[in-house]
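Below: one structure, written as structure tokens.
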Amino acid sequence: MKKILVTGGTGYIGSHTVIELIKLGYEVLVIDNLSNSKAEVIDIIESITAVRPHFEKIEMCDKAALANYFSKHSDIAAVIHFAGMLQVAESVENPLKYYHNNMFSTINLLECMVAYKIKNIVFSSSCTVYGNPTQLPVTETAPVQKAMSPYGNTKQMGEEILENVAKANDINVITLRYFNPIGAHESAKIGEIQHGVPHHLIPYITETAAGIRKQLNVFGGDYQTHDGTCVRDYIHVVDLAKAHIAAISRLLSHSNEAKLEVYNIGTGLGYSVLDIISAFEKATNIKINYQIVDRRPGDVEAVYADTTLAEQKLNWKTVLSIEDMMRSAWNWEQALAAKK
Ligand code: UD1
């Protein structure tokens, strides 16, 4: 079976994707610098799938180390590139750290792919490239807006580098623009690890439900949306993982119609912050203590995906509901509490 290299494969989205790849019989190689994840994730993946992916701790910014890795694994059929730093606020405080890490890792990876003639890559991008879209649902042809953070800029620059590299080299690219990934694997053995106070909505809700946080602040109640709070397209991380499988099979079967293809990966549904609180309360029977406070700088009012292209070309669409997302997020929070 074909070998797939997953960079950042012990992270949140990466680990869920590794499980889905293994389930379909791919041979999976994982590299990660473990800056935001633990090597034990590999044991957990083995416990879930009964297959142990090959793992090496590699710092992708270290070109020599990465090149040495590729010299040993030159028969990789495709790469899924998740590795990267992803905290918006941290990127504003320390832009050079973000530019250094996210850009050098991507450039080093692409140089190795060219050198070892590895022809396929799936790249993790984000709906953040659309900024505050003027038309909803947002399609892939919507203009890319000036990035609101260095993190967002590394995604945009990554997309541009890949576009240029695909044109000049024998490399096929599928860029996936994720909307808001949430939830966790049904086993509750893997999920998103929080370091300190969560920045994202769902972990903040689950930590409030668990009593770790006293109250959820809802950022802004005066947006032009159905209830005044921001609207997002939340997608279950397992559905998102499966979009990568669809992208890989499109590339490996040479079904791609262009050397670079870009897809929105969301559900196509927009939920407000208050809708999410209600969905969580309904799915878990736990009331969330919240208050509406000022807007958070940099938040867009509403964004949700037009997923027609992914449905037609990748033959993929989401199957898990908002209740599934809430229940799995809560199970994960409880599993984390049980470990402490
Ligand atoms: C964030 C990033 C985005 C990134 C995406 C996925 C920012 C500004 N954007 O998206 O670049 O691609 O994650 O990693 O960080 N909210 C509250 N209270 C909270 C937390 C959030 O009301 O305590 C609201 C926010 O205002 C927003 C919604 O919940 O309306 C979702 O927020 P969040 O989970 O942080 O994701 P995004 O900001 O959409």
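Would the range 119-226 count as rounded, prolate or oblate if I go by the C-alpha gyration tensor, calling it rounded below 1.5 in a/c and otherwise prolate when a/b exceeds b/c, oblate otherwise? Oblate. Using a probe of 1.4 angstrom and keeping all protein chains present, the accessible surface of the chain works out to 45 square angstrom per residue.
Classify the range 1-130 from the C-alpha gyration tensor, please: rounded if a/c falls under 1.5, else prolate or oblate depending on whether a/b exceeds b/c. Oblate, because a/c is 1.5 or more while a/b does not exceed b/c.
What's the center-to-center distance, using Cα atoms, between the range 298-328 and the range 48-119 in Å? So the separation of the two Cα centres works out to 26 Å.
Note on the chain: helix-only mean residue ellipticity at 222 nm, from DSSP H runs of 4+ residues weighted -39500 (n - 2.57) and normalised by residue number, equals -11500 deg cm²/dmol. Applying the Karplus relation 6.51 cos²θ - 1.76 cosθ + 1.60 with θ = phi - 60° to the range 290-305 yields 3J(HN,Hα) values of 9, 9, 8, 10, 4, 4, 8, x, x, 6, 8, 5, 8, 8, 8, 8 Hz, where x marks Gly and Pro. Remark: the range 261-276, residue by residue, has Karplus-estimated 3J(HN,Hα) of 10, 10, 10, 6, 10, x, 9, x, 10, x, 10, 7, 4, 5, 4, 5 Hz, where x stands for each Gly or Pro and the curve is 6.51 cos²θ - 1.76 cosθ + 1.60 at θ = phi - 60°. Length gained on full extension, Gln291 to Leu96, computed as 0.36 nm times the residue gap minus the Cα-Cα distance: 66.7 nm. Roughly how many whole Å is it from the C-alpha centroid of the range 1-45 to that of the range 163-227? Measuring centre to centre over Cα atoms gives 19 Å. Distant-in-sequence amide contacts of Cys230, defined by a placed amide H-H separation under 5 Å and a gap of 5 or more residues or a different chain, comprise Val273.
Carbon-plus-sulfur accessible fraction, the range 129-181 (probe radius 1.4 Å, protein heavy atoms only): 48%. From the square roots a ≥ b ≥ c of the eigenvalues of the alpha-carbon gyration tensor of the range 205-340, which class results: rounded (a/c under 1.5), prolate (a/b over b/c), or oblate? Cα axes put the range 205-340 in the oblate bin. Summary of packing: across the peptides 173-181, 197-205, the per-residue average of other C-beta atoms within 10 Å ranks them, highest first, as 173-181, 197-205. Highest-first packing order for the peptide set 93-102, 293-302 is 93-102, 293-302, based on the mean count of other beta carbon atoms within 10 Å.
Taking amide H as placed 1.01 Å from N in the peptide plane, Thr175 has its amide H under 5 Å from the amide H of Phe123, Glu261, Val262, Tyr263, each at least 5 places away in sequence or on another chain. Each residue of the range 108-120 was assigned a 3J(HN,Hα) from its phi angle through the Karplus curve 6.51 cos²θ - 1.76 cosθ + 1.60 (θ = phi - 60°); the sequence is 4, 4, 5, 4, 5, 4, 5, 4, 9, 6, 9, 9, 9 Hz, with glycine and proline shown as x. Taking each of Lys146/Lys214; Lys155/Lys282; Lys146/Lys313 in turn, the alpha-carbon distance tops 31 angstrom for Lys146/Lys214; Lys155/Lys282.
The values are calculated or read from the model by the stated rules, or taken from the named source; none is laboratory data. On a predicted model such as this, the values are computed, not experimentally measured, just so you know. Note that we place each Cβ from the backbone using ideal geometry, even for glycine, and neighbour counts take in every protein chain shown. These area figures cover heavy atoms from the full protein model, side chains too; ligands, DNA and RNA do not enter into them. Shrake-Rupley method; radii C 1.70, N 1.55, O 1.52, S 1.80 Å.
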